[in-house]
Amino acid sequence: MKSSLLLLSAFAALLLAIFASLNPNRQWLSWRSPAADLVVKNAKIYTVDESLPFADSMAVRNGRILRIGSYSSVQDMVGYGTKVLDLKGKIVVPGFIDSHVHLIFGGLQMMRVELHGINSKDEFVKRIKEAMQNKVPGFWAVDGTMIYGEVFLSRMDGHMSLANSVALKLGGITKSSVDPNGGTIMKTTSGEPTGLLIDSAMEHILPLIPEVSVEERREALHKASNHALMRGVTTVVDVGRYFPGTSVKDSWEDFSDVYQWADFSGKMTIRVCLFFPLETWSRLRDLINNVGQSMSQWIYLGGVKAFADGSLGSRSALFYEPYVDEPHNYGLQVGDYESLHNLTLASDRVGLQVAIHAIGDRANDLILDMYESVISKNGVRDRRFRIEHAQHLAPGTPARFGKLGIVASVQMEEVFSSILDRCFHPEHLLADAESVNKKLGIDRAQRSYLFKSLLGSNVELAFGSDWPVVDINPLGGIKTAMKRMPPAWDIAWVPSESVSLNDSLKAYTLSAARACFLDSDLGSLSPGKLADFVVLSIYSWDDFVAEGSAFIDATYVGGVQAYP
C-alpha cells in the first residue's frame, strides 16, 4: 500500500513537471484561485508615480493594482483564469479625471437639438423651425431644444439665455423690469427687452419650465458616461445642474433620482465626485455624517460649490477694468459677498470642501481674500479650497494661489474650445482668441490661462472641460496646454504659459485626484489603487512628448474594459 502511494505521488510530480516544462509561466493547478484577474504586459505604462514613473507590466485583482513593474515581477501572478493583455508596446496612462463637468446636463444636451457651431442667423432660425414642427403648444424644453410658442435657449456655459417674446411675457419681463442682483435683462436703446437674460435674470423664466423627467435624466447619465469613457475619462467631478438663477434642488434630485438609483441598480460605469450648491451645506454635512464621504466605489461626496461672477462669453465675468468694447461694464458679482463668506465659513468649519466659480481677475482676488479670511478664522488644515476656472488673473495672483494652497481647477472653455473639439469645430478657436482680445484688450488677454505661472507658484493644477460648454476630450486638452496653438495660426497664444506633457497628464490624473481628495485611490497607477487606465493608440513616448497627439484605443475601469 505504501509503495503504491509513493508511486502515485511520483507520477503526479512527473505530470506537474511535464506541464511546467511546456509552459513555465503558467500555474496548472486548476483548483487554485488565480492570483490576478488581469495582467497587462508588453506596454509602456506611464504611472504618474514618482517612485516608479514607467513600467511595462501590471497585475490587477479585485479592481485594484496588485503589482506593477517588469513582467518578471508580475508573471507569477498569472494563474488559471487570469486574462493576459499583451499591448505590444502601446502607451498606457492612468484613467483621466475631468475636474469640472455638468454630467447630467451634458447628457441632456446630447438628447436635444444641436445648435452648437451654427454661425448664421438663417441657419439658427431654420433649426428652430424644424424643431418646432409637430410639437404640442405649450411644450417647453431648454438648452438647445425648441418648442412651439415659447422659446428659451440657454448658452452652453449656463450664464446667458435667449427668450422669445412669448416666454418674456409669461415671465413678466417688460420695459419697466429692473435688473435683479447678480443678473442683467438686456434691453435696446429704447428700453425694450431684447430677450437676452444674463445669470440671475434667468430666474424670471426658469421656474415656468416643466422639470425634466426622471427617465430622461437617467438616460442622460447613461449617454454622458459612455461619452466620457470613449474619451478615456474614468472619473468626473460633477458640479451639477446648478447655475445662477436655477434651483438648488436640481442637484439633490439628480443625486437621489439618478446617481443613487444607478449605483443601487449596478448601472454606474464611471466614478463621480459630486459637488452640491453651497446654500445646502448643512444637508450635505448631515448626509456625510450618515453614510460617509465614499458612498461606494462609484460615488464620492465631494463638497459644495458657489459662484463669484458670470462668464467672459456673456460679458458677466468680474474685472477690475471694464470690457474694452463695453466701457461701462465691469461684469457681475453673483450674489452677496457677506453671505458667500458666511456660508463658506460654516461649510469649512464642518470639514466640507468648498469650490467657487471665478473667471475675471477681480472675482479671483475676491475669492482669494475670502478664503484667506476663512483660513485665518477656522485655522490651518488640509482643506484644498478650489477656485473653478481661475481664467483671467491679475499680476501676482498665481503666487497667492500657491501661498494659500488653493487648487486651480482650470477649464479651457473660452479660448481653447475648438482645439478641445477640433474634429467638429476647428475654425472657432481663431474667432474665440480674437474675441478675448476684443473684450479685454491685447495686454489683459495675455493674463489668461496662466498654467505655467500657476505651476511655478507650486499650485495644484487640475484640468477639466466644463462639459457641455466644451466637449470632454482630455487628449485635446493636453495638446492645447502643451502647444497653445490655434488652428491656422503661425504662432502660439501666450507661449510662455505652455506646459510639458508630464505636467498636462498630471493635471488630468494625480493632481486632479488630489484636488478632490481622491488621490489615495486614483490618479496614478500604483499598487493598491483602483485599476483605472487608458490604452493609447501610440507606441513612441518621445513622439507623444513632442506632439501631444494620440487617440483612445481602450478604457478600463477597475481592470475591466469599459470602452470600446
Mean accessible surface per residue for region 315-367, computed with a 1.4 Å probe while every protein chain stays in place, in Å²: 40 Å²
Fraction of accessible area attributable to carbon and sulfur, region 305-356 (%, probe 1.4 Å): 52 percent
Full-stretch length increase - N458, K249 - with 0.36 nm per residue and alpha-carbon distance subtracted: 71.6 nm
Dipole moment magnitude, nearest 20 debye, region 225-287 about Cα centre, only Lys, Arg, Asp, Glu C-beta charged: 200 debye
Segment E215-S51, extension gain: residue separation times 0.36 nm, minus the distance between their alpha carbons: 54.4 nm
Charge dipole magnitude, Cβ of K and R +1, D and E -1 - region 460-532, Cα centre, debye nearest 20: 160 debye
Region 491-564 shape via C-alpha gyration tensor axes, a/c threshold 1.5: oblate
Per-peptide average of other Cβ atoms within 10 Å, ordering 95-108, 273-286 highest first: 95-108, 273-286
Highest to lowest packing among 543-554, 251-262, scored as the average C-beta count within 10 Å: 251-262, 543-554
Potential extension, D542-Q446 segment - 0.36 nm per residue separation minus Cα distance: 31.6 nm
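The values are calculated or read from the model by the stated rules, or taken from the named source; none is laboratory data. Because the structure is predicted, anything quoted here is derived from the model rather than measured. Virtual Cβ from ideal backbone geometry, glycine too; neighbours counted across all protein chains shown. With ligands, DNA and RNA removed, areas are computed over all heavy atoms of the protein, side chains included. Shrake-Rupley method; radii C 1.70, N 1.55, O 1.52, S 1.80 Å.
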